[in-house]
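Novice: Pasting a structure here, questions to come.
The values are calculated or read from the model by the stated rules, or taken from the named source; none is laboratory data. Because the structure is predicted, anything quoted here is derived from the model rather than measured. Here the Cβ positions follow ideal geometry from the backbone for every residue, glycine too, while neighbour counts run over all protein chains shown. Accessible surface areas use protein heavy atoms only, side chains included; no ligands, DNA or RNA. Shrake-Rupley method; radii C 1.70, N 1.55, O 1.52, S 1.80 Å.
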Amino acid sequence: MPKKRRKLSKEMEAEMAAAKRKIELIGALINDIRDEDIQGEYLGAFTQIRSAVVSLIAKYTTDGFCEETEGLLALYQGLIKNFEEDYEL
């Protein structure tokens, strides 16, 4: 049986690229923190955000634009908003 073509979205691809850049920037800023306790706290809070982006990119690569990738993008956006409100970099 032929494999179904995955649906793509230029808008979602742009948002994923922006999310990937933001993750790299925030990761670098966290790594620049000298106090290990504070750095560990920030890394702990940031791990879930990084995982959401990795999952989003992996799911989009395999399945394309679908409800699940839309949900993962919304999850990332909510997590990053909360992180930026709670933690100052």
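Novice: Among the listed residues Ile49, Ile38, identify the single one that is in a helix (DSSP H, G or I), of a type outside the set (Ser, Thr, Tyr) and modelled with pLDDT of 95 or more.
Specialist: Ile49
Novice: Quick one: in the range 3-30, of everything that is among the basic types (Lys, Arg) and part of a helix (DSSP H, G or I), which residue is nearest to Ile80 (Cα to Cα)?
Specialist: It comes out as Lys22.
Novice: Of everything in the range 56-89 that's in a loop (DSSP other than H, G, I, E, B) and not hydroxyl-bearing (Ser, Thr, Tyr), which residue is surrounded by the most Cβ atoms within 10 Å (Cβ to Cβ)?
Specialist: Only one residue fits best here, namely Phe65.
Novice: Provide a single number: the residues in the range 18-40 that are touching a residue at least 12 places away in the same chain (Cβ under 8 Å) and open to solvent by 60 Å² or more (accessible area, probe 1.4 Å).
Specialist: 3
Novice: Any idea how many residues of the range 41-55 are closer than 17 Å to Asn82 by Cβ and open to solvent by 70 Å² or more (accessible area, probe 1.4 Å)? Steps first, please.
Specialist: We begin by selecting, within the range 41-55, every residue closer than 17 Å to Asn82 by Cβ; these are 41-53.
Of the ones still in play, those that are also open to solvent by 70 Å² or more (accessible area, probe 1.4 Å) are 41, 47-48, 50.
Qualifying residue count for the region: 4.
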